[in-house]
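A short worksheet on the structure shown next.
The values are calculated or read from the model by the stated rules, or taken from the named source; none is laboratory data. Being a predicted model, the structure only gives us computed values, none of them experimental. Note that we place each Cβ from the backbone using ideal geometry, even for glycine, and neighbour counts take in every protein chain shown. The protein model used for the area step is the full one, side chains on, heavy atoms only, and it has no ligands, DNA or RNA in it. Shrake-Rupley method; radii C 1.70, N 1.55, O 1.52, S 1.80 Å.
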Amino acid sequence: MERRMKNAQHLNTNKQFMIGNGILAFAVIAVIVIFVYMSLRLQREKEGDRYFTEQYTISLVNGFEGDSISILINDSLLLNRTIDQQPYNLQVKRFTEESTLMIVDNITDQLSVFELSERGGIYRYEKEDGKVKQLAQE
């Protein structure tokens, strides 16, 4: 009888220990999930508040007159028309971390890609022999 009592008490202690470990593991997982959720939420709020003051001036200087042109920055269409004057200037505020300018000739579907600086600035382009070239910045 005594032996049974000791054995039962020993089993009860192990059971309590396992339940305690399970509760502790659950608490650790809950704390991790809460911290991950809070950090993702804070990061999303930071990204939403980002405001850029820089401005790009895109100037089509030479060779574009009479051409049907599309101008895009990243995936945003800024201009889709036939250029009727030279130079043709377009001013745009910076709206993303990294900006890529794409000039598309709508007739030949030729694409010219240029990286834009994070500081903004005046960018001048000319078209010679069907190719768009970037001129030196002022």
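Residues in the range 105-121 that are over 16 Å from T57 (Cα atoms) and open to solvent by less than 30 Å² (accessible area, probe 1.4 Å): D105, S112. M102 meets the conditions (1) surrounded by 14 or more Cβ atoms within 10 Å (Cβ to Cβ); (2) touching a Ser or Thr at 6+ places or on another chain (Cβ under 9 Å); (3) modelled with pLDDT under 90 in every case but one. The failed one is (3). Can you tell me which residue is modelled with the highest pLDDT among those in the range 87-99 that are out of contact with any strand residue (DSSP E or B) (no Cβ under 6 Å at 6 or more places or on another chain) and open to solvent by less than 70 Å² (accessible area, probe 1.4 Å)? Among those that are out of contact with any strand residue (DSSP E or B) (no Cβ under 6 Å at 6 or more places or on another chain) and open to solvent by less than 70 Å² (accessible area, probe 1.4 Å), it is R94.
If you scan the range 57-82, which residues turn out to be on the phi > 0 side of the Ramachandran plot and either open to solvent by 70 Å² or more (accessible area, probe 1.4 Å) or in contact (Cβ under 8 Å) with a residue 60 or more places away in the chain (or both)?
Step one: of the range 57-82, the residues on the phi > 0 side of the Ramachandran plot are 63, 66, 74.
Hit for the range 57-82 is G63, nothing else.
Can you find even one residue in the range 83-90 that is in a loop (DSSP other than H, G, I, E, B), free of Cβ contacts under 8 Å to residues at least 40 places away in the same chain, among the aliphatic types (A, V, I, L, M) and on the phi < 0 side of the Ramachandran plot? Checked against the condition, which is being in a loop (DSSP other than H, G, I, E, B), free of Cβ contacts under 8 Å to residues at least 40 places away in the same chain, among the aliphatic types (A, V, I, L, M) and on the phi < 0 side of the Ramachandran plot, the range 83-90 yields at least one hit.
Note on the range 98-114: residues that are in a loop (DSSP other than H, G, I, E, B) and more than 22 Å from the chain's Cα centre (by Cα) total 4.
Within the range 47-55, at least one residue is modelled with pLDDT under 90, surrounded by 10 or more Cβ atoms within 10 Å (Cβ to Cβ) and assigned to a strand (DSSP E or B).
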